1. Connecting C-alpha atoms closer than 10 Å in a GNM of chain A, tell me which of A:PRO113, A:PRO17, A:PRO240 has the biggest fluctuation.
2. As a footprinting exposure proxy, order B:TRP323, A:TRP139 by other Cβ within 10 Å, with the fewest listed first.
3. For A:ARG320 and A:PHE269 in one chain, what is 0.36 nm times their gap in residues minus the Cα-Cα distance, to one decimal in nm?
4. Expressed as a fraction of 2.2 N^0.38 Å, the rule-of-thumb size for a compact globular protein of N residues, what is the C-alpha radius of gyration of the stretch A:56-293?
5. Given R₀ = 30 Å, FRET efficiency for B:ALA191-B:THR321 by Cβ-Cβ distance, to 0.05?
6. I'd like to know how the stretch B:96-244 sits against the 2.2 N^0.38 Å rule of thumb: what's its Cα Rg over that expected value?
7. Taking the Cα centre of the stretch B:148-286 as origin and charging only Cβ (+1 Lys, Arg; -1 Asp, Glu), how large is the dipole, in debye to the nearest 20?
8. With 10 angstrom as the radius, rank A:HIS243, A:HIS254 by how many other C-beta atoms surround their C-beta, starting from the fewest.
Amino acid sequence: MEILDHIGSVFADFSNPKKRVFFGYLLLTILIALVWLVAVRRASIRAALHEVFDRKVLFSASSLADYKIFVINRVFTMFISPLLVSQLAIATALYYALHDVDFLQRGLFAGTPKGVIIALFTATIFVVDDLTKYLMHRWMHRWPLLWAIHKVHHSAETMTPITVYRVHPLEGVLYGLRAAVAQGTVMASFLFFFGNAVDLHTVLGVNILSFVFHVTGSNLRHSHISIRYWRWLEHLLISPAQHQVHHSIAREHHDKNFGVAFAVWDWMFGSLHLSEQGRKLKFGLKASEAHPSRLLDIYFRPFGDMARYLRRRARRLHERLRPQAARNSAASGRDKPIPAVARTDPG
Amino acid sequence: MLKSKLNLTTAIVLSTLLSGAALADQAYGPFPVTVKGYEGDKTNSVSYSGQIARHVLHDSLKKAAGKGDGGHNAAEVEALMLAYFNGSDEDLAIIAPASKDGFPVKQATVNEISKGKNISGKFYNGAMTAWPGNKSGVDVALQMINLAAASNQGYDPVNGMDWGQLISKFTLGAMAYNQAVDNYLDEKLEAGTKPNDKPYKEGAHYTGKEHSWDEAFGYFGAAAHSVSLSPEQNYAVSKQKDLAAADANGDDVIDLKTEMVFGPAYYAAGADKGGNKNTQYMVTIFNAFRDGRALIASANGEALTDAQRAELKNYADIIETNWEKTLAEATFKYAGSVYKDIDKIKSGEDSDKALRNYVKHWGELKGFSMALQSGKNNLGAAAIDMNWLIGFGPAMPDGKMVSDIDAGGNFVRDREMTLDDYQVNMLKVQKLLIDTFGIESRANDATADLAALAEKLGTTESAESD
């Protein structure tokens, strides 16, 4: 019985409206894709069905690897998540700290109408979540140590909604911490300044804005159905096609469209790339970077890459410091102590 | 073989459940007289009137603490308070709980309940580091009585003391809790002490173990029928507001010896009634007492076997753990009250009243935190932290708090503490109590809103990335 419970919890995300792969959202995703193919692309229903359920995508080696990674990562999460700091712990610590700041007055805006407080909190937590995801994602691409683990996600050569789970466990930990910090900060600040009227506006227990994001096809981001928005809208919201550009192997598409729901962050920080009509995209990475389906490679190569990177940095530091240390000792003789940094020998 | 074992197990489990169900709503007593060779006419061996007398002394002492007029009648008030604390040759009037409209009480004097009782002889006398001056428990109480008598209606607005609350809450621990868990449910359960095959004392109609156990129950302060009442009813009985619930025998008058709910039981019911409503301290403690007593009765006047004493110690353990939690819950609740009171003081509205409530709640907070430190367990670092966070007095609006007391009993106010910082201390006290005692009810939880929001937002594990 216990085993059944565990199996149930591995697949619990499919019945949880807080998760993108909730079956209701998946059904809507299929519907949106079909309607778009028939209405916009003028495909026959039969052809549309064929394209949505394309066996070459759903059962590719890359997708099969996604399904295995899904199960492995869920099991891993069960063990690791109790060890991670929760947003409540961060919120509580920050809530204490806010009391200690003399010029901040608790309940300063407590007189605000309840409806306004709830709307403001709901919007703020969504926007802050989205912005911090953008920043984290950007760093994942820009910093070599983080790229070593994030490229697991980009090694997918075909994409299905399950590809959202194709992440290295270390990335899962980092994203969990990001969420804890972002949400904990917003929660503590709101409760401190607005008092106990603070609440989340929800549908099916989910932040209404996340709900809107999911029912409008968030799952299509990881798919081969490249729904585009109008140009002006792609400056505000990331379309599925824009996220697919983010996964494209083409050089000019690298480090573009880091955003999740909002495109404004990419627009503001110069990483926006609009979708291109008729452009056939190829997903994945070069063979020298990652393998699309070999699990051992997917889970363990990042450690090797990180170690190589650190060794390279250490060697460079060593080379830059050695002549300096040699000069110092030559100039001042034996009495002068060698600077502490110069004594470290990474080799 | 396996099957027969299973059957046996099922039978044992079923019979346990059934016997438990049969006892579930049963009152504490009557239990038969089992002393071998007893020839008197008593038929009920339950007796704990001495403990009820002490509860009444305590309630009256608390009321007496408010009789000072600011110094003129100090000697008179102190003498009155000491009479209730140390006991008196005269028959003392019951100041509380006294008869009132709609709630007539059978006894009017302490001797009508039990003669020759006092509080001081049954008061925690170890070191009490929660109070300034390195005093023993009894000396702290005596100093509080002295200062209460010299105050105006038990209130000290400069140092932030509410003497009635401080004395009362401290006594709930230092007398009732301490005697029960550190004496009657502790060494008195050993084989060689107050054995079950002898009367408690020459000619008594109860055995050594029966009476020791009854005395511990008496200190808990539940009515004999409390288990059949809801937490709300037990609470109302203690407040003298529900005659029907209190009057178990239907004679329209409340017998303090069996029908009244006193302090420790009142706070057990209070924790169950408020907060998260997910605790059952009253029923848990009561049932452990009642089932333990039934076990002793079942020995029928023979010495308890080691197995029986082990079972009894198990009940004692349940009682002690849960009783300690009720004290921690009360401390938690008043830390939350103090936190809210500071908001009111800072808002500047009706400042005298706001300060009065603040000091009252602080007295309850401090008293209960001292009660927690009067039990059998040394709380160690948790006590040190708690005493530092709560301090020797509340932070006052001038940013100072009591730091010491001099030889003449005058408070020294040298510790800097803003009201804001003190609020943070209250949050930390609540967290400390959760971490140390695992309490669940958590009335007045100052960070409950955060927990509720976190619950709504869901876990952050595997937050989706792209």
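1. Highest fluctuation of the listed residues: A:PRO113.
2. In increasing order of surrounding Cβ atoms, one gets A:TRP139, B:TRP323.
3. Length gained between A:ARG320 and A:PHE269: 15.1 nm.
4. Values: Rg = 19.6 Å, N = 238, 2.2 N^0.38 = 17.6 Å.
Normalised by 2.2 N^0.38 Å, the Cα Rg of the stretch A:56-293 equals 1.11.
5. Efficiency, rounded to the nearest 0.05: 0.80.
6. Ratio of Rg to 2.2 N^0.38 Å for the stretch B:96-244: 1.26.
7. 260
8. By the 10 Å Cβ count, ascending, the order reads A:HIS254, A:HIS243.
The numbers here are math on the coordinates, done by the rules we state, and not lab data. Please read these numbers as outputs of a predicted model, since none were measured by experiment. FYI the Cβ positions are ideal-geometry reconstructions off the backbone, even for glycines, and counts take in every protein chain you see.
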